[in-house]
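This report concerns only the one structure given below.
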Amino acid sequence: MAAKSLPDQAYLRQRLSYNPVTGILIWLPRPTSHFSKPWHADRWNRRYAGQSAGLVDGIGYRILTLDDVPYKAHRIIWKMMTGEEPEVTDHVNRVRDDNRWDNLRSGSHVNNMCNAARKSGRQFRGVRKRCQRWTAEIAVDGVCKHIGTFDTPEQAYAAYCAAADQYHGRFASYD
């Protein structure tokens, strides 16, 4: 499912302040022209201006609402900083609400999946035991590629790491 289109960069910068070192978005005071009734602006500013924007949802992403539309904070941050609409914004360290600028990078859905945490209980990523030997495999563009069969899990894992570097580059994940 495609992500919602974001408001333009200038509008986001009118509404929010971003600290790239901490990754925190702060609500800015809003002018009365943003509201149908002037006292709504005063009430909103007393309650929200200067406060941290958004809440963490059930799966760990910080979500905030602009004009009754919810957005993920990391997507807003990307647009505020670059002016570009990201296809996917990836968290390098996999912590979904860690929105420090040096922890965010733009990529594709495939890139993002390369950086996903593994869900299996295996000791080494991309390695499994088959017929008394160890097999290394890697997913490339949704297709499982056989790397090779090895005598030890460490050898298979080394081959997996080399393939991850080759196929996934900076999005490669080793754990």
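Across the range 132-155, not a single residue is classified as within 24 Å of the chain's Cα centre (by Cα), small (Gly, Ala, Ser), modelled with pLDDT under 75 and buried (at least 16 other Cβ atoms within 10 Å of the Cβ).
The set of residues in the range 60-86 being over 15 Å from Trp27 (Cβ atoms) and surrounded by 17 or more Cβ atoms within 10 Å (Cβ to Cβ) consists of Tyr61, Lys72, His74, Arg75, Trp78, Lys79, Pro86.
Of all residues in the range 18-33, one or more are assigned by TED's automatic domain parsing to the domain that holds Arg96, part of a helix (DSSP H, G or I), farther than 25 Å from Arg100 by Cα and more than 19 Å from the chain's Cα centre (by Cα). The residue that is nearest to Leu104 (Cα to Cα), among those in the range 33-62 that are in contact with a Phe, Trp or Tyr (Cβ under 9 Å, 6 or more places away or on another chain) and among the hydroxyl-bearing types (Ser, Thr, Tyr), is Ser52.
The values are calculated or read from the model by the stated rules, or taken from the named source; none is laboratory data. In this text, all values refer to a predicted model and were calculated from it rather than measured experimentally. Cβ coordinates were reconstructed from backbone atoms using ideal geometry, including for glycine residues, and neighbour counts include every protein chain displayed.
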